[in-house]
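*Asks:* Before I ask anything, here is the structure I am working with.
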Amino acid sequence: MCRYIFITSLFVLALSTQAEDLTSEQRSAIESRIKPAGKVCLLGQTNCGSGSVSTVSVGDTGLQPLSEKASSSAEGCSFDIEVGDSLQFSMEAMSVSASCRDITVNLRHTGNMPASAMGHNWVLTKDSDSAEVAADGADAGMDNDYVKPEDARVIAYTPLIGGGESTSITFSFDNLDSSSEYIFFCSFPGHSFVMRGVLKIA
Ligand code: CO
C-alpha cells in the first residue's frame, strides 16, 4: 500500500515537473498543433468561414474506386447480357478487345417464363454458319440446349435458361480470327431470326 502511494506520488511529481519546464512559447506551440488552425468546413458547405479554408474532394486524392479498376482490366473481355420474356438480347453488338486472353459471357434471364416456353441461350458462330447451326440446333431439341452435339461450327455456347436463371461461358480468344465475321444468337426454335447480334474484334 505504502509502495503504491509512493510510486503514484513520484509519477505526479514527474508530470508537474515536466509541465513547469515548458516555456510559454513551447506551450502555445503544442496547443497550436492540437487545435486546428482554421475552421473545418463540411463538403458542400458554402458559408462556413473565410476563403482560406481548403476542402479536399475525393477526386484530389488520386485514388480510384476499386470497382472501376476491376472493370477496366476486363474491358472488352467480359460481357453481361440480359434476356427476358421477349425475343431480345440487351446487347445488339459485342466488341471484343484484341488484348483479351479469354472472353466471358454472363447471360441472365430476367423474365418469368420457363425455358420450355421462352428459353434463351447464347450461341456464337461465324456469320456464314449461323443459319445452318440454328436449324440443326432446333432439330437437336431442348435436351441438347438446341445445339447439335459436337457441332464444330459452334465456337461457344451457353446452356438454355428460363426466367430467373443465369449462366456463363468462358472461351479462349484463340478461337476467333480477326478476318471473320461472327454472329451470336439464341438457338431456341424461331428465335434466331430476331435474337441475334454481331461480335466484332476491336
Ligand atoms: Co431465345
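*Asks:* Considering each of Glu150, Glu165 in turn, give the residue that is modelled with pLDDT of 95 or more, acidic (Asp, Glu) and either within 13 Å of the ligand (Cβ to nearest atom) or not assigned by TED's automatic domain parsing to the domain that holds Ile103 (or both). Lay out the reasoning, then the answer.
*Replies:* Working: Glu150 fails: either within 13 Å of the ligand (Cβ to nearest atom) or not assigned by TED's automatic domain parsing to the domain that holds Ile103 (or both).
Just one listed residue meets the conditions, Glu165.
*Asks:* Now for a different question. Is it fair to say Gly190 is assigned to a helix (DSSP H, G or I), within 12 Å of the ligand (Cβ to nearest atom) and of a type outside the set (Ser, Thr, Tyr)? Break it down stepwise before answering.
*Replies:* Working: assigned to a helix (DSSP H, G or I): no; within 12 Å of the ligand (Cβ to nearest atom): yes; of a type outside the set (Ser, Thr, Tyr): yes.
It is false that Gly190 is assigned to a helix (DSSP H, G or I), within 12 Å of the ligand (Cβ to nearest atom) and of a type outside the set (Ser, Thr, Tyr).
*Asks:* Related question: How many residues, within the stretch 98-112, are farther than 14 Å from Tyr182 by Cβ and either of a type in the set (Lys, Arg) or in contact (Cβ under 8 Å) with a residue 24 or more places away in the chain (or both)? Step through it out loud before you land on a result.
*Replies:* Taking the stretch 98-112 as the starting set, the residues that turn out to be farther than 14 Å from Tyr182 by Cβ are 99, 101-102, 104, 106-112.
Those left that are additionally either of a type in the set (Lys, Arg) or in contact (Cβ under 8 Å) with a residue 24 or more places away in the chain (or both): 101-102, 104, 106-112.
Residues that pass the stated criteria total 10.
*Asks:* Go through (1) in contact with a Gly (Cβ under 7 Å, 6 or more places away or on another chain); (2) loosely packed, with under 12 Cβ neighbours inside 10 Å; (3) of a type in the set (Gly, Ala, Ser) one by one and return the number of the condition Ser187 breaks.
*Replies:* (2)
*Asks:* Another one. From the set of residues in the stretch 92-112 that are crowded, with 16+ Cβ neighbours inside 10 Å and outside any strand (DSSP E or B), which is farthest from the ligand (Cβ to nearest atom)? I'd like the intermediate steps shown before the answer.
*Replies:* Step one: list which residues in the stretch 92-112 are crowded, with 16+ Cβ neighbours inside 10 Å, which gives 94, 96, 100, 103, 105-109, 111.
In the following step, the residues that additionally are outside any strand (DSSP E or B) were identified as 100, 111.
Details: Cys100: 26, Gly111: 10 Å.
Looking at residues that are crowded, with 16+ Cβ neighbours inside 10 Å and outside any strand (DSSP E or B), I get Cys100.
*Asks:* Pick out the one residue from Asp136, Asp129, Asp102 that is of a type in the set (Asp, Glu), within 23 Å of the chain's Cα centre (by Cα) and at pLDDT 95 or above. I'd like the intermediate steps shown before the answer.
*Replies:* Values: Asp136 fails: within 23 Å of the chain's Cα centre (by Cα); Asp129 fails: within 23 Å of the chain's Cα centre (by Cα).
So the residue among Asp136, Asp129, Asp102 that is of a type in the set (Asp, Glu), within 23 Å of the chain's Cα centre (by Cα) and at pLDDT 95 or above is Asp102.
The values are calculated or read from the model by the stated rules, or taken from the named source; none is laboratory data. For clarity, every value in this text was computed on a predicted model and none was experimentally measured. Don't worry about glycine lacking a Cβ; one is built from the backbone with ideal geometry, like all the others, and counts go over all protein chains shown.
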